[in-house]
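A short write-up of the structure that comes next.
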Amino acid sequence: MVTLQLTHVSARYGRTPIIQDITTPAFQGGQMVALLGPNAAGKSTLFRRILGLLKGDGEVTISGTSAERPVAYMPQDTGARAVLTVYESVLLARMQGRSLKVQNEDLAQVDRALDELNIAVLGERDIGDLSGGQRQLVSSAQALVQEPEILMLDEPTSALDLNRQISLLGVLRRLANERQMLILVALHDLGHALRFSDAAMVLEHGRLIACGPTEDVITPSLLQSVYRVNARIEPCSKGSPQLIVEEAI
Ligand SMILES: Nc1ncnc2c1ncn2[C@@H]1O[C@H](COP(=O)(O)OP(=O)(O)OP(=O)(O)O)[C@@H](O)[C@H]1O
């Protein structure tokens, strides 16, 4: 099974340190891990460091994989401008790093990714003509179609309506289990993190200040000190934890 572990990981832009000394337990395939923290905490920077796009001290250890490209990444900026249809753009994402010849399996995986995300009807549309939310779902499909063992998504729900936010996170949750895929997902909605993720990591000013089972990590005191809101967490009638925000402080 794939695992990902960070040991004293740092990253900088030029001379400015952004991420500092991050050490995590070994996250495993099948887990959904929420990457949390306020704006500018360093979430996207940590993704880039894990991908090897940024250098820095420390070790990013990925083990238990035989794939040449075990990681797929959906960046936050999904400003797609190429003149491609949705189907072509997802197929192109699939073919990155593979042989040039498109096999039936590649086409089947494109259909599967579009179906999973409920966007098969958009297949023939030009990506440049899509709405922001539609484009964001296509970006998720572009990452998913690569059949990664580790899937990293940077705020994949930020442009989606409520139905699609819940649907997407539910699909990801299921796929993590079915494919024993490790999903790392940056989220601003802590209610979604509570509902869908097994574990959470919280960054503040580039440092990891909490990491563990989500319900242990998202507490009223963390909400106060890191997110600067007064909030409480109460079970809903079905027993799952709900976040109730009272005020910004
Ligand atoms: N290319 C860059 N060059 C220099 N500084 C950068 C660069 N990209 C990001 N930063 C800085 O690094 C810090 C962390 O940014 P990052 O995008 O990782 O935060 P984030 O937690 O993903 O934020 P958000 O929730 O707003 O998306 C910020 O202060 C940002 O201004």
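Laboratory data are not the source of any read-out in this text; all were calculated from the coordinates shown. Please read these numbers as outputs of a predicted model, since none were measured by experiment. Because the Cβ atoms are built from the backbone with ideal geometry, glycine has one as well, and the counts that use them run over all protein chains shown.
Taken about its Cα centre, the chain carries a charge dipole of roughly 440 debye when the Cβ of each Lys and Arg holds +1 and the Cβ of each Asp and Glu holds -1.
Here's the picture: charge each Lys and Arg Cβ at +1 and each Asp and Glu Cβ at -1 in the chain, and of 46, 167, 32 the one pushed furthest to the positive end of that dipole is 46.
What does the net charge come to around residue 59 if you take all other residues with beta carbon closer than 14 Å to its beta carbon, with K and R at +1 and D and E at -1?
My count for the surroundings of residue 59 gives 0.
Contact order normalised by length for the stretch 79-144, with contacts defined as Cα pairs under 8 Å and 6 or more residues apart; what percent is it? Write out the running numbers ahead of the final one.
Working: 61 pairs, mean separation 34.2, N = 66.
RCO, the stretch 79-144: 52 percent.
Available extension along the chain between residue 83 and residue 238 is 51.1 nm, counting 0.36 nm per residue and deducting the alpha carbon span. The alpha-carbon positions of the chain define a convex hull whose volume is 140 Å³ per residue.
A Cβ-based charge dipole, computed about the Cα centre of the stretch 79-144 with Lys and Arg at +1 and Asp and Glu at -1, lands at about 240 debye.
For residue 13 and residue 104, a Förster radius of 41 Å and the Cβ-Cβ distance give a FRET efficiency of 0.40, rounded to the nearest 0.05. Between the C-alpha center of the stretch 1-30 and that of the stretch 83-115 there is a gap of 30 Å. Taking a Cβ cut-off of under 15 Å around residue 45, the surrounding Lys, Arg, Asp and Glu residues balance to a net charge of +1, with basic ones at +1 and acidic ones at -1. Using C-alpha pairs under 8 Å with a sequence gap of at least 6, the mean separation divided by the residue count of the chain gives a relative contact order of 26 percent.
The residues 223, 6, 92, 203, when put in order of fewest to most other Cβ atoms within 10 Å, stand as 92, 223, 6, 203.
Here the simple spin-label model places points 7 Å from the Cα toward Cβ, and for residue 205 and residue 53 these points are separated by 2.6 nm. Under 24 Å of direct C-alpha separation, and excluding same-chain neighbours fewer than eight residues apart, residue 43 reaches these lysines: 55.
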